[in-house]
Each structure stands twice: as C-alpha cells, then as structure tokens.
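The values are calculated or read from the model by the stated rules, or taken from the named source; none is laboratory data. Not measured: the values here are computed from a predicted model. Here the Cβ positions follow ideal geometry from the backbone for every residue, glycine too, while neighbour counts run over all protein chains shown. Please note that ligands, DNA and RNA were not included when accessible areas were found on the heavy atoms of the full protein model with its side chains. Shrake-Rupley method; radii C 1.70, N 1.55, O 1.52, S 1.80 Å.
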Amino acid sequence: EMLAVELDQRAVAHLNENLPSLNVIRQDVLDVDWGTLADQRQGKLRVIGNLPYYIVSQIIFSLIEQNESIDFAFLMMQKEVAQRIVAKTRSKDYGILSVMCQLYTKPKIAIHVPNTVFRPKPDVTSAMLYFKFEPNARIGEVHS
C-alpha cells in the first residue's frame, strides 16, 4: 500500500480526487516519525519523493536520523545538491552533507532531469538520487 505525505491542501485534494486508493497524510514531511510509520507498516520504508528544494538537506537529515526504519529513498532534488551529496573527499563540493549521506547511505545519482520537463520551467536542473540505507549505521556511533 502506498502512502503519500503532502502539506499543500490543494495537492492533497488533487491526490484524493485522482488517486482514491492512495492513502494521503496531510503533514509536513519534517514532522514525520519514520520509525513509527515503519512500525505501523511492519517493515522498513521505501521513500520516494520530489522534494521542495529549499528543505532538501533537512529532509535528508531527518531520514538519516531514523535510518534503521528506511530501506531506500529515491529523491528528486536540485542537481547541484545531488552533486554535493555524491562528491568525493577533498573535492570542492565535499562537505557535511556528503559526509552524512555517505556514512549512513550509499548515494548514487540515478538520472539527471532537465528543467524542460517541468511546467513552469524552473531555472535549475534536477537529479534523482538513489540512497541505499546502511543497515548497521547508527547515529552517534564512532566509526574507526
């Protein structure tokens, strides 16, 4: 069973009208308790989303914080953010987002999405990233 998390009331109404079998929760994605949701669904979650670009990092960090509840995530984001996530050490794009994502997941750019496929056309190019969450990674553990 698929579940959608959406904050915008117009989008919720559209989803309910056009996809009546879809379970839609009207909630801020940053307030989702992924662990409770995984327990309710009796298994690890598979998260798929077209993320609001201005809160991509916060959403990713919220998934990482509850990484034991997530199998994988397939997320659309701004191409530049995607490149920072998969950046190699000692490169100019490598930073805290790279470190955290690479420590708790195996991130991989799956596809680049040109801005021409969106209406209205944004000023940025997007990318879909695949994150395979590491089952043994624990927040707060010291890794040697």
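Results, tabulated for the structure shown:
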item: Eligible lysines near Lys88 by straight Cα distance, threshold 24 Å, same-chain separation 8 or greater; result: Lys79, Lys106, Lys108, Lys132
item: Quotient of Cα Rg and 2.2 N^0.38 Å for the chain, N being how many residues it contains; result: 1.10
item: For Thr105, residues with placed amide H under 5 Å, excluding near neighbours; result: Glu134
item: Farthest toward positive dipole pole in the chain [+1 Lys/Arg, -1 Asp/Glu at C-beta], among Gly49, Phe61, Leu97; result: Leu97
item: Alpha-carbon centroids, region 64-121 and region 1-45: separation in whole Å; result: 22
item: From phi via Karplus (6.51, -1.76, 1.60), per-residue ³J(HN,Hα) for region 113-126 in Hz, x at Gly/Pro; result: 10, x, 5, 6, 8, 9, 10, x, 6, x, 7, 10, 9, 10
item: Environment charge at Gln40 (Cβ cut-off 13 Å; Lys +1, Arg +1, Asp -1, Glu -1); result: -1
item: Charge sum, other residues only, whose C-beta stays under 12 Å from Phe74's C-beta, Lys/Arg counted +1 and Asp/Glu -1; result: +2
item: Computed [θ] at 222 nm, deg cm²/dmol, the chain (DSSP H ≥ 4; -39,500 (n - 2.57); rounded to nearest 500); result: -8500 deg cm²/dmol
item: Å² of accessible area per residue within region 1-134, as computed with a 1.4 Å probe and no ligands counted; result: 61
item: Value of Rg to Rh for region 47-119 (Rh from inverse mean 1/r over Cα pairs, i.e. Kirkwood); result: 0.95
item: Simple Cβ-charge dipole of the chain, Lys/Arg +1 and Asp/Glu -1, about Cα centre, in debye nearest 20; result: 700
item: Principal axis box of region 1-84, alpha-carbon based, largest edge first, Å; result: 38, 29, 18
